[in-house]
1. Scan Glu257, Glu274, Glu269, Glu295 and give me the residue that is more than 19 Å from Gln47 (Cα to Cα) and part of a loop (DSSP other than H, G, I, E, B).
2. Between residues in the stretch 41-65 that are farther than 20 Å from Asp123 by Cα and residues that are surrounded by fewer than 17 Cβ atoms within 10 Å (Cβ to Cβ), which pairs lie under 7 Å by C-beta distance while being six or more apart or on different chains?
3. Filter the stretch 135-161 down to residues that are in contact with a strand residue (DSSP E or B) (Cβ under 7 Å, 6 or more places away or on another chain) and open to solvent by 40 Å² or more (accessible area, probe 1.4 Å) and give me whichever is nearest to Val221 (Cα to Cα).
4. Anything in the stretch 265-303 that is within 24 Å of the chain's Cα centre (by Cα) and among the hydrophobic types (A, V, I, L, M, F, W, C)? List them, or say none.
5. I need every pair where a residue in the stretch 242-271 that is within 16 Å of Met299 (Cα to Cα) has its Cβ under 7 Å from the Cβ of a residue that is of a type in the set (S, T, N, Q) and surrounded by fewer than 14 Cβ atoms within 10 Å (Cβ to Cβ), sequence separation at least 6 or different chains.
6. Within the set of pairs 6 or more residues apart or between chains, which connect a residue that is at positive phi inside the stretch 133-160 to a residue that is among the aliphatic types (A, V, I, L, M) with Cβ atoms less than 7 Å apart?
7. Restricting attention to the stretch 302-327, report how many residues are part of a loop (DSSP other than H, G, I, E, B) and more than 14 Å from Ile280 (Cα to Cα).
8. Which condition number does Arg178 fail, the rest of (1) out of contact with any Pro (no Cβ under 9 Å at 6 or more places or on another chain); (2) closer than 20 Å to Thr314 by Cβ; (3) open to solvent by 30 Å² or more (accessible area, probe 1.4 Å) being met?
Amino acid sequence: MDIDPSAQNYPGLKIEQENYEPIDTYEQLMQFIADQDFELLGDPGTQFSYSNDAYALLGAIIERVSGKSYEQYVYDHILSPCGMKYSCFMIEEYGDYENITTCYAEDSSEGTKRIIPAPIWWDAPSMRAAGFLKSTAGDMLRYAEIFRNAGVVNGKRILSEESVKEMVKPHIQTQPGRFYGYGLMITPDYFGTTLVEHGGGLKAISAQLSILPEKGVSGVVLTNLAGVPAARVMQLAFNAYAGREVEASHISFEEYEIGEERLEQYQGEYESNEGMKVSIVIKDGKPVLISQKAEIPIMFVKENAFIAYVNDSTEIAEILVDDNNEPWGISYHFRQFPKVSTKQVVK
C-alpha cells in the first residue's frame, strides 16, 4: 500500500475529507470509488502504482466468481490444503490458543520515542484481500512452497505449474531491475538467480516473504511492530546463508552529478492517491527527501533516478517526466506521486 496533482494535466484522484460512513463491505467500497472523480494513470498495463484498494477489489472478484466469501475461499483453497492451521483472519478464531503475540506501537507523544503495547488488532472487512491475515513463520513457509515447488505443497497440487509461472513472470517494471508479477515482486538477477518476494505492513506489523525458487530457498520475517525494516532483515539473512558479506548488494551505484537547474525543477511536494506525501528539498547544498516528517538522504544515480537510504535499506526512486522531459511526479515506494507543489523549500 494514488492521487491528485495540482496541475490539471496530471492524472490522479484527490478525496476531500467528508463524513463518510464506515466502508465495511465490497459494495460500499465500490460505491465509494464510483463516487470519486479521477482519471486513470494510463492505459492498462502501461503504468504501475501499488494500490490497496485494487487488492480489495480482487477480493470482490473472487467472491463473485466463486460464490463464496473471500475468507472462505482462501481457507478452502489455500490455508487448509497447505496445512496452514495457525492462519486465520479473525483473532477470535484462535479461541484459547495462548501463543499469540502482543501488538506494539511507537509513541512519540512525550518528545521521545518509546515502544508501548497496542493490544487491539486492526481489522477492515472490505480490505481483507489487501492484508489482515494472521499467521506464523511456519505457516508462511508452507505457503512459500507454492512458488518454491512449482505449485505443490506436501504432495498436494495447490496451483497449476502454468499459473505459478504467470505469477512470477515480470509483467511490468517497478524499479530498474525489479518488476511486478501477479501479486509478487520479481528481481530476475539477484546475485545470478531469481528473487520472488513481497512485503507489507499494518498497525503493529512488518512482514517479508522471500523465495529463491532456483535455489530451493524460502525465508520469512514477521514482526509485531510497524516500521521495522523486515525486507532488510531478509536481505541480510540471505547474504549470511549464501556466505556473502553481510552488507553485499546485488546492484551497485555511482553518483550522478545532476545540474543545479535540473535539481531545482525537482524540488517541491508530491502526493499519492492514497494521501501519502513526499517532498524534495535542498539542505546544506544536498538533495533530501522528506517523508513522514523524516529527512532521508538521497543520491542521484541518473538524471531522473535517485536512491534513498531508508531504515538501513536502499530504495530506488524515479523522477517521472512528460514528453517534453518536464518532471510531473515521482515513482517511489512502488507508488506514483504526482507533483502537487513547485514551491522550493531550502533549509
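The values are calculated or read from the model by the stated rules, or taken from the named source; none is laboratory data. Keep in mind the model is a prediction, meaning the values are calculated, not measured. Note: ideal-geometry Cβ built from the backbone for every residue, glycine included; neighbour counts use all protein chains shown. SASA here: full protein model, heavy atoms, side chains in, ligands and nucleic acids out. Shrake-Rupley method; radii C 1.70, N 1.55, O 1.52, S 1.80 Å.
1. Values: Glu274 fails: more than 19 Å from Gln47 (Cα to Cα); Glu269 fails: part of a loop (DSSP other than H, G, I, E, B); Glu295 fails: part of a loop (DSSP other than H, G, I, E, B).
The match here is Glu257.
2. Qualifying pairs under 7 Å: Leu41/Gln47; Gly45/Ile172; Phe48/Ile172.
3. Filtering first and then ranking leaves Ala137.
4. Those that are within 24 Å of the chain's Cα centre (by Cα) and among the hydrophobic types (A, V, I, L, M, F, W, C): Met276, Val278, Ile280, Val288, Leu289, Ile290, Ala294, Ile296, Ile298, Met299, Phe300, Val301.
5. If the second residue must be of a type in the set (S, T, N, Q) and surrounded by fewer than 14 Cβ atoms within 10 Å (Cβ to Cβ), the pairs left are Glu264/Gln344; Gln267/Gln344.
6. Ala150/Val164; Gly151/Ile158; Gly151/Leu159; Gly151/Val164
7. Applying the first criterion (part of a loop (DSSP other than H, G, I, E, B)) to the stretch 302-327 yields 303-304, 311-312, 322-326.
Then drop every residue that is not more than 14 Å from Ile280 (Cα to Cα), which leaves 303, 311-312, 322-326.
Total satisfying the criteria: 8.
8. So the condition that Arg178 fails would be (1).
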